[in-house]
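The values are calculated or read from the model by the stated rules, or taken from the named source; none is laboratory data. Just so you know, these numbers come straight off a predicted model, no measurement behind them. All Cβ positions, glycine included, derive from the backbone under ideal geometry; neighbour counts span all protein chains shown.
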């Protein structure tokens, strides 16, 4: 448990270190907000045999970590500072610190890099665009391509506010999701945004990110894979990894593309052979 200091006092967040590599330490930022480290457990089947050290981590309000249920802490600013305190506590630095964020964790990773990238060795943004308005636009386009019966079902649950119903898509298996913070920040669901992040947009700030950066997109994601590819051209040292069989959790449903590409990036940064195609 890592102690973190907040304006509302001290709390503790859960971390689990797997492996030992003084040059490569990957901190995993889960989605949500309010998700859990469980969405990254697939990593346990790939990183250890490659000698890559990684840290699973439940953010404040999530699963094994303290859950103060204080909405004043449900801000981007809080979580950026939380990640920084976790970094310091775990001894991560510019010579070994790889930050991998998925979905909301990708948003958080971008925000962290824009403030603290001098502490980073590399950045991985998985299944997350740099603009919620762009995400909303793509979601609308995606719905238009869905079969009518599915759209009607989604609309039925949304009209009744039944976003936690076991039949609503993306909710099965999310039993540890902290719904209070999720709804407050993200909105009712992946398909219907509306929380505090609704106007979040860092697309114009991407060129400020100078560390080696990998963006990961997937064909069947609710995040536009072409937008993810574009992001890789906006950062100063970017590459793109495409998962043709993946959805929003491509680390689970397209492991054959996700992990080899991710591991290749990490090792290239480590041995100095990485050549970014960004700005």
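Return yes or no: is residue 90 touching a residue at least 12 places away in the same chain (Cβ under 8 Å) and buried (at least 21 other Cβ atoms within 10 Å of the Cβ)?
no
For residue 42, indicate whether it is surrounded by fewer than 18 Cβ atoms within 10 Å (Cβ to Cβ), modelled with pLDDT under 95 and either closer than 25 Å to residue 217 by Cα or in the same structural domain as residue 235 (by TED's automatic domain parsing) (or both).
yes
Just one of 128, 110 is in a helix (DSSP H, G or I) and either touching a helix residue (DSSP H, G or I) at 6+ places or on another chain (Cβ under 9 Å) or modelled with pLDDT under 95 (or both); which is it?
110
Just the residues that are in contact with a strand residue (DSSP E or B) (Cβ under 6 Å, 6 or more places away or on another chain) and more than 12 Å from residue 102 (Cβ to Cβ), please, taken from region 28-51.
Hit for region 28-51 is 47, nothing else.
Modelled with pLDDT of 95 or more, in contact with a helix residue (DSSP H, G or I) (Cβ under 6 Å, 6 or more places away or on another chain), under 25 Å from residue 228 (Cα atoms) and surrounded by fewer than 21 Cβ atoms within 10 Å (Cβ to Cβ) - does that describe any residue in region 52-75?
Looking through region 52-75, none of the residues is modelled with pLDDT of 95 or more, in contact with a helix residue (DSSP H, G or I) (Cβ under 6 Å, 6 or more places away or on another chain), under 25 Å from residue 228 (Cα atoms) and surrounded by fewer than 21 Cβ atoms within 10 Å (Cβ to Cβ).
May I ask you to say which residue of 207, 260 is over 28 Å from residue 178 (Cα atoms), part of a helix (DSSP H, G or I) and touching a residue at least 60 places away in the same chain (Cβ under 8 Å)?
Going through 207, 260 in turn, the sole match is 207.
Given the condition modelled with pLDDT of 95 or more, part of a loop (DSSP other than H, G, I, E, B) and surrounded by fewer than 19 Cβ atoms within 10 Å (Cβ to Cβ), answer yes or no: does some residue in region 183-199 qualify?
no
I'd like to check something: does region 137-152 contain any residue that is farther than 17 Å from residue 221 by Cβ, within 20 Å of the chain's Cα centre (by Cα) and at pLDDT 70 or above?
No, region 137-152 contains no residue that is farther than 17 Å from residue 221 by Cβ, within 20 Å of the chain's Cα centre (by Cα) and at pLDDT 70 or above.
Quick one: would you say residue 157 is assigned to a helix (DSSP H, G or I) and at pLDDT 90 or above?
So residue 157 fails the test.
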